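Reading through the structure tokens given below for one structure.
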Amino acid sequence: MEEFRLKDIREKADAGNVVSGDKYRITCITDRLIRFEYNDLGKFTDEASQRVLNRDLGKVSFGCSRTDSGLTIDTESIRITYDEKKFSAGGLNVFHKKTKGCFSPFWHYGKADEGNLLGTARTLDNVDGSVALEKGILSKDGFSVLDDSESLLLADGEIKEREAEGIDIYLFAYGHDYRGCLKDFFRITGGTPLLPKFVLGNWWSRYYTYTAEEYLGLFDRFEKERIPFSVSVIDMDWHLTEIAEEYGDGWTGYTWNRELFPDPRGFLAELKRRGLRVSLNVHPALGVRGHEDAYEEMAKAMGVDGSSKEPINFDMTDSKFVRAYFDVLHHPMEDEGVDFWWIDWQQGGHTKIKNLDPLWLLNHYHYLDSGRRGGRKLTFSRYAGVGSHRYPIGFSGDTVTGWASLDFQPYFTATASNIGYAWWSHDIGGHMLGENNEVMEVRWYQLGVFSPINRLHSTKAVFGGKEPYRFGTEAGQAMSEALRLRHRLLPYIYTMNYLSYKEFRPLISPMYYDYPEIEDAYPVQLFLGGGFKNEYLFGTDFIVTPITSDLIPSLKMGKVKSWIPEGIYHDFFTGLIYRGGRVINLYRGLESIPVLVRAGAIIPMQEKLFGEAYLENQEELTLRVYGGASGSFRLYEDDGESESYVKDGEYCFTEIRFDWEEAKLTIEKAAGNTDLLPKQRKFTVEIHSIKKNDAVLTVDGKKEQVQSSFDEEEGILTLLLPKVGIERSIELNFSESFSLSG
């Protein structure tokens, strides 16, 4: 199907990178990433698979020699020896030439990957605590394998089986260069796309039978309470659920419930007026039944007698059904105002095609179809295996509301980056069953701020509502502040979204990505003597250690043990300064969790939280600057939702540099398509944890007035800069050398 043809992929490897025999083929994708193929018919595939799209990453320099004992291939990083027979432990071996750390330099075919750092899982449905994770492509042993032997092939928009069964594996021999390994994984499997800005704000989602009036009233209350949201997710009760017995149950549906929503188009327009994007839940497994408004048109498209009321079965392997599924069922509602779909597939993993998971096909087709109107492609669905990172965002399922579930989610989310799946959306606050504990709810909201996607979700239970004002005063205030902070952080998180797309750097990652040779960076549950499983990196500047247990009654504080790397770190909330290279117990009241920011970090934030304008590139920005070291930040901005970002120059960068030694802050003029930005900007600069200092402001070398204030207790110097044209450079020079306040 032409509309589902993949574009801009390089399926076939450079012929100069290939060594082959009658029954085997070895391809050097990079000097550390090798494809090994073997089958008795000598039939190899050069077509894209479900998992691997690109095999030409450039020319690889290597040597190759043959002797009576077999083949030797030498790249810059590894040596391969192979007896040219069917792959075996004795016949196919790899030696890593550049060992660093404690991993073994030897790998052989079939070797157990005992040091695998794991990946993710399909769902957390009904999970009360932890769940077993599939393997990822990072290993403490230094070698890992991606098995592509049974995945299907993608050709001209269609799915097809391989011609011959055999072995098709990719060996990642990256040692402890975890970021390098992940980068090349993304390069061969396809990168994570840039998400639209609106998905990075707060989502409201509840499984509840709202009327249109009740739903709009809910968002009026949120606005009154100054609780911001960017996405409205309407669960399955938007459609008819109570249907005639002859049609089965109402789990699947495509017809608006007009008793609840008498004017769907007007309802969606009202949500848009409040600055929200809208997603509807669909469970497509039961196909299209005779009660649906779209049944007759669907029957005509499928060549079925519309008067028969025979069900039209769901079958994504049927190209005729796929076209009608989108053209008849989804596109008309998108034209009414639906922005994207929540694909809630819970009906198994089998189709008429061997090894084809219908969830994977749903995600693949929905993602490609979602860009038909020129907007950024987007799905919201469940995980369907390796390669699912191409179809963000992930819905992790209906978790049990309890401390054990909360405690598992930070580890689960960070570890998912080991298989590239970095945009998980959890049911923040828990979904069902469990316990009603407002301290736990607050801690979940605080985790949500520093999660990939912050989506509140719950069931219909009486105590299931997640509205902050339903809780006690202290808890409600903490929850509301958490939601406000998420929107304030949008400039920072959106830049990290760009780095995820452009530099293959996940927003959230385990500590060992940056500290691979330090045992405390590894989860304690995997390695004896290891570190702390819930601590993770957020963006390029934060270390987050969520509190996932109740308050200590005598202290009225939560406690968590944390490893702080070498260096100087500032607590984002309390302002406390920590010197690293140690393990420490951290205590926090209900108002915050430990979030540490490295010295020299520059965190751009916005103050506009509501309405359509909050998603625009802001005229007023606050720059939080943290003392103790020099640092820089490259603020990325574009139009927030079109595909134009893939073109050079259709975005803007603003370079911001902080020189600790020279006592200087520089904001360079905007570079790129400056039509995307406001003509002028007003910056508020907060320099944290320093002693009092005076500043001189110059704009393009000309001295300008600057308002300043200093908080002695907090050690924060605040500078209110005048509005300055974005085409001009700004420099703040301080009268004295900086020194830390604590």
Examine the range 618-625 for a residue that is within 16 Å of Glu686 (Cβ to Cβ), open to solvent by 40 Å² or more (accessible area, probe 1.4 Å) and of a type outside the set (Lys, Arg), and state whether such a residue exists.
yes
What are the pairs, 6+ residues apart or on separate chains, where a residue within the range 419-438 that is of a type in the set (S, T, N, Q) has its Cβ under 7 Å from a residue that is open to solvent by 10 Å² or more (accessible area, probe 1.4 Å)?
Asn436/Phe463
Scanning the range 213-229 for residues that are open to solvent by 20 Å² or more (accessible area, probe 1.4 Å) and farther than 20 Å from Gln446 by Cβ, the one nearest to the chain's Cα centre (by Cα) turns out to be Glu223
Tell me the strands (runs of 3 or more DSSP E) entirely within the range 150-225 that contain at least 3 residues that are among the hydrophobic types (A, V, I, L, M, F, W, C) and touching a residue at least 60 places away in the same chain (Cβ under 8 Å).
153-155, 167-172
Return the pair list, or none, for Cβ contacts closer than 7 Å from residues in the range 357-380 that are under 19 Å from Val328 (Cα atoms) to residues that are in a strand (DSSP E or B) and open to solvent by 20 Å² or more (accessible area, probe 1.4 Å), at least 6 apart or on different chains.
Leu361/Ile159
Pairing a residue in the range 630-650 that is at pLDDT 95 or above and open to solvent by less than 30 Å² (accessible area, probe 1.4 Å) with any residue that is of a type in the set (Lys, Arg) and in a helix (DSSP H, G or I), where Cβ atoms lie under 6 Å and the two sit 6 or more apart in sequence or on different chains, gives Gly640/Lys197
Just checking, does the range 561-574 include any residue being modelled with pLDDT under 95 and surrounded by fewer than 20 Cβ atoms within 10 Å (Cβ to Cβ)?
yes
Condition first: without any contact (Cβ under 8 Å) to a residue 40 or more places away in the chain and among the aromatic types (Phe, Trp, Tyr). Can you find one or more residues in the range 399-418 that meet it?
no
Counting just the residues of the range 491-523 that are more than 19 Å from Lys561 (Cβ to Cβ) and charged (D, E, K, R), which one comes out modelled with the lowest pLDDT?
Glu517
With the requirement that a residue be in contact with a Phe, Trp or Tyr (Cβ under 7 Å, 6 or more places away or on another chain) and among the charged types (D, E, K, R), what does the range 171-223 give you?
Arg179, Lys183, Lys197, Glu223
Of the residues in the range 279-319, those that are touching an Asp or Glu at 6+ places or on another chain (Cβ under 8 Å), touching a residue at least 40 places away in the same chain (Cβ under 8 Å), among the β-branched types (Val, Ile, Thr) and surrounded by fewer than 19 Cβ atoms within 10 Å (Cβ to Cβ) number 0
Asn126 fails exactly one of (1) modelled with pLDDT of 95 or more; (2) part of a loop (DSSP other than H, G, I, E, B), namely (1)
Hey, can you tell me all the residues within the range 257-277 that are buried (at least 20 other Cβ atoms within 10 Å of the Cβ) and within 31 Å of the chain's Cα centre (by Cα)?
Phe267, Leu268, Leu271, Gly275, Leu276, Arg277
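Step by step: first the residues of the range 580-610, then only those that are part of a strand (DSSP E or B) and surrounded by fewer than 16 Cβ atoms within 10 Å (Cβ to Cβ), then the one that is modelled with the highest pLDDT. Which residue is that?
Here is the first cut: in the range 580-610, the residues part of a strand (DSSP E or B) are 582-588, 595-598, 602-606.
Now narrow it down to the ones that are surrounded by fewer than 16 Cβ atoms within 10 Å (Cβ to Cβ): 582-585, 587.
Values: Arg582: 94, Val583: 92, Ile584: 94, Asn585: 94, Tyr587: 97.
Only one residue tops the list, namely Tyr587.
Taking the criterion of being under 36 Å from the mean Cα position of the chain (by Cα), closer than 30 Å to Ser644 by Cβ and among the small types (Gly, Ala, Ser), would at least one residue in the range 704-720 satisfy it? Give the steps one after another, and end with the answer.
Initially, the range 704-720 is screened for residues under 36 Å from the mean Cα position of the chain (by Cα), giving 714-720.
Filter once more, so that each one left must be closer than 30 Å to Ser644 by Cβ: none.
Scanning the range 704-720, I find no residue that is under 36 Å from the mean Cα position of the chain (by Cα), closer than 30 Å to Ser644 by Cβ and among the small types (Gly, Ala, Ser), so the answer is no.
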Please state which of the following conditions Leu146 fails to meet, knowing it meets all the rest: (1) at pLDDT 95 or above; (2) buried (at least 19 other Cβ atoms within 10 Å of the Cβ); (3) part of a loop (DSSP other than H, G, I, E, B).
(3)
Output the number of residues of the range 278-290 satisfying the condition of being assigned to a loop (DSSP other than H, G, I, E, B) and over 25 Å from the mean Cα position of the chain (by Cα).
3
Taking strands (runs of 3 or more DSSP E) that do not extend beyond the range 1-62, which have at least 1 residues that are touching a helix residue (DSSP H, G or I) at 6+ places or on another chain (Cβ under 9 Å), in contact (Cβ under 8 Å) with a residue 12 or more places away in the chain and within 30 Å of Val646 (Cβ to Cβ)?
24-28, 33-38
Determine whether the range 690-711 contains at least one residue that is open to solvent by 30 Å² or more (accessible area, probe 1.4 Å), closer than 24 Å to Glu607 by Cβ and hydrophobic (A, V, I, L, M, F, W, C).
yes
Residue that is most open to solvent (accessible area, probe 1.4 Å) [pool: residues in the range 727-739 that are under 17 Å from Lys703 (Cα atoms) and assigned to a loop (DSSP other than H, G, I, E, B)]
Glu727
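Could you check the range 108-123 and list, in sequence order, the residues that are in a loop (DSSP other than H, G, I, E, B) and over 21 Å from the mean Cα position of the chain (by Cα)? Don't jump to the end; show me each part of the working.
From the range 108-123, those in a loop (DSSP other than H, G, I, E, B) are 109-115, 117-123; that's our starting set.
Passing the criteria: Tyr109, Gly110, Lys111, Ala112, Asp113, Glu114, Gly115.
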Write out, first by first residue and then by second, each pair whose Cβ atoms fall under 7 Å of each other, whose residues are 6+ apart or on separate chains, and whose first residue, in the range 724-742, is aromatic (Phe, Trp, Tyr) while the second is open to solvent by less than 50 Å² (accessible area, probe 1.4 Å).
Phe734/Ala663; Phe734/Asn693; Phe734/Ala695; Phe738/Gly627; Phe738/Trp660; Phe738/Ala663; Phe738/Ile690; Phe738/Asn693
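Going by the structure shown, is Trp204 among the hydrophobic types (A, V, I, L, M, F, W, C), closer than 24 Å to Met432 by Cβ and surrounded by 21 or more Cβ atoms within 10 Å (Cβ to Cβ)? Don't jump to the end; show me each part of the working.
Details: among the hydrophobic types (A, V, I, L, M, F, W, C): yes; closer than 24 Å to Met432 by Cβ: yes; surrounded by 21 or more Cβ atoms within 10 Å (Cβ to Cβ): yes.
Criteria met by Trp204.
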Number of the condition not met by Ile687 [criteria: (1) part of a strand (DSSP E or B); (2) open to solvent by 30 Å² or more (accessible area, probe 1.4 Å); (3) more than 11 Å from Leu732 (Cα to Cα)]:
(2)
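The values are calculated or read from the model by the stated rules, or taken from the named source; none is laboratory data. Fair warning: this is a prediction, and the values are worked out from it, not measured in the lab. Neighbour counts run over all protein chains shown; Cβ positions are idealised from the backbone, glycine included. What goes into the accessible areas is simple: the full protein's heavy atoms, side chains included, and nothing from ligands, DNA or RNA. Shrake-Rupley method; radii C 1.70, N 1.55, O 1.52, S 1.80 Å.
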